[in-house]
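The values are calculated or read from the model by the stated rules, or taken from the named source; none is laboratory data. Remember, predicted model here, so these are calculated numbers, not experimental data. Neighbour counts are summed over all protein chains in view; Cβ atoms, including those assigned to glycine, are modelled from backbone coordinates with ideal geometry.
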Amino acid sequence: MLSKRLSGLKESATLKMGLIAKELQEEGKEVLNFSLGEPDFKTPEHICEAAKHALDLGYTHYVSSAGIEELREEIAEKIREENKVDASVENVIVTPGAKQAIYELMMSVLDDGDEVILLDPTWVTFESAVKIAGGVPKWVKRVENSVNYESLESATSGNTKLVVINSPNNPAGYVLSEKELKEIAEFAVEHDLLVLSDEIYEKIIYGKRQVSIASFDAMRERTVIINGFSKTYAMTGWRIGYAVAPSEIAKGMLKIQQHSVTCASSISQFAALTALRSSQGCVKEMVEEFKRRRDVIVNQLNEIGLRCLNPEGAFYAFVNTSNHGNDVEFTERLLKEAYIVVTPGSAFGLAGKNYVRFSFAASIEDILEGMKRIEGILLK
């Protein structure tokens, strides 16, 4: 009874692991959940107050499918000022979450058989979004090594249409260097390809400089920036994201939005407007705490014999488990023997079969307790 397009899709591994953690907790188990892909902080109070005020004013009805004008203007200004990319209101579409923007882009630009280059490992939804739109994923390895023109060339054919990048990266925590971005840009221009630049973790970065590939020469007209408020402002449940795209693509995405979700939540949009216009001190505080946790978990993981590169951004540690079984075996062992929930690396691509993803969107106390339990398992 189901369509053929569903036959190649798997359920979201990140959501699945979160559900497992919840079920174990309901059984009374003392679960430590390191699978969460969301900040564990509360949405800042001034943002919540803005939503309450919008309710009081009666902003509870449909708004423009592209988003409220004030928010689109603020996003365009943010892109011009911070990302150094020329953008206007016509380039901005506000969506119910960044994930929706990704699907709308894929559906707008891909035809059956079009190939999409994904940097391996990458967030689980990219592969599924490509397949749902009729595209074919092609993988270029980017874990513990850099991406360059030659590696992209090796994955390219006459059917290649799009390159997807995600920096800072989920799950590996790397930040693409300017050299890498320049090579990707050169490759895209010479092969006349589009680029999806997922910049959702742009503010959660440690000692590196975030650069948008759309700011490079000849890239504005072929790049779609995807971003949102979920990670930066701890607004995952508000479901509010956006895309900044060339006008033709933005119009195509808008058609899909009009005939699917209609518009993003009016209340969430007014809250997002306040998030952008207000002091960014709350963001700085969250990032400082994430850095503190990163330093603790990376040090602890390496001390107990699990090789872990130092994440440059986002809030994930991508841990090599090759000395203790593959990713699925190690994940199951942590779950059964220590009630610790992580995400197997193979969910994120071909290169992840000997890795697991630890989210350090958790308290220092939970991180230390988790490392203690894992060390106990490894010493058996």
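Please work out which residue is surrounded by the most Cβ atoms within 10 Å (Cβ to Cβ), limiting yourself to the range 150-198 and to residues that are among the charged types (D, E, K, R) and in contact (Cβ under 8 Å) with a residue 40 or more places away in the chain.
Checked the range 150-198; the qualifying residue surrounded by the most Cβ atoms within 10 Å (Cβ to Cβ) is 198.
Just one of the listed residues (4, 10) is under 28 Å from residue 127 (Cβ atoms) and under 25 Å from the mean Cα position of the chain (by Cα), namely 10.
Criterion first (in a loop (DSSP other than H, G, I, E, B), over 15 Å from residue 341 (Cα atoms), at pLDDT 95 or above and of a type outside the set (Asp, Glu)) does residue 63 satisfy it?
Values: in a loop (DSSP other than H, G, I, E, B): yes; over 15 Å from residue 341 (Cα atoms): yes; at pLDDT 95 or above: yes; of a type outside the set (Asp, Glu): yes.
In short, yes.
Scan the range 111-130 for residues that are in contact with a Pro (Cβ under 7 Å, 6 or more places away or on another chain) and in a helix (DSSP H, G or I) and jot them down. Those that are in contact with a Pro (Cβ under 7 Å, 6 or more places away or on another chain) and in a helix (DSSP H, G or I): 127, 130.
Here residue 201 meets each of (1) in contact with a helix residue (DSSP H, G or I) (Cβ under 9 Å, 6 or more places away or on another chain); (2) in contact (Cβ under 8 Å) with a residue 40 or more places away in the chain; (3) within 27 Å of residue 90 (Cβ to Cβ) with one exception, condition (1). I'm checking my understanding of the structure. Among residues of the range 311-330 that are free of Cβ contacts under 8 Å to residues at least 40 places away in the same chain and of a type outside the set (A, V, I, L, M, F, W, C), which one is farthest from residue 18 (Cα to Cα)? My answer is 323. The residue list 9, 55, 15 contains one member that is more than 19 Å from residue 271 (Cα to Cα), outside the structural domain of residue 133 (by TED's automatic domain parsing) and either assigned to a loop (DSSP other than H, G, I, E, B) or touching a residue at least 12 places away in the same chain (Cβ under 8 Å) (or both), which is 9.
Remark: residue 312 matches the filter, which requires a residue to be surrounded by fewer than 21 Cβ atoms within 10 Å (Cβ to Cβ), closer than 30 Å to residue 374 by Cβ and under 19 Å from the mean Cα position of the chain (by Cα). Here residue 356 clears all of (1) touching a Ser or Thr at 6+ places or on another chain (Cβ under 8 Å); (2) outside any helix (DSSP H, G or I); (3) in contact (Cβ under 8 Å) with a residue 60 or more places away in the chain except the condition numbered (3). A count restricted to the range 322-332 and to residues that are under 29 Å from residue 41 (Cα atoms) and either of a type in the set (Ser, Thr, Tyr) or modelled with pLDDT of 90 or more (or both) stands at 3.
Of the residues making up the range 261-276, those that are closer than 15 Å to residue 103 by Cβ and either buried (at least 20 other Cβ atoms within 10 Å of the Cβ) or free of Cβ contacts under 8 Å to residues at least 12 places away in the same chain (or both) number 1. In the range 330-374, the qualifying residues are those that are of a type outside the set (A, V, I, L, M) and within 15 Å of residue 298 (Cβ to Cβ), and the one that is farthest from the chain's Cα centre (by Cα) is 370.
Just for the range 92-121: of the residues that are touching a helix residue (DSSP H, G or I) at 6+ places or on another chain (Cβ under 6 Å) and among the polar types (S, T, N, Q), which one is surrounded by the fewest Cβ atoms within 10 Å (Cβ to Cβ)? By that ranking, first place goes to 108. When 68, 47, 20 are checked against the criterion of being of a type in the set (Val, Ile, Thr), at pLDDT below 95 and more than 19 Å from the chain's Cα centre (by Cα), 20 stands alone in meeting it.
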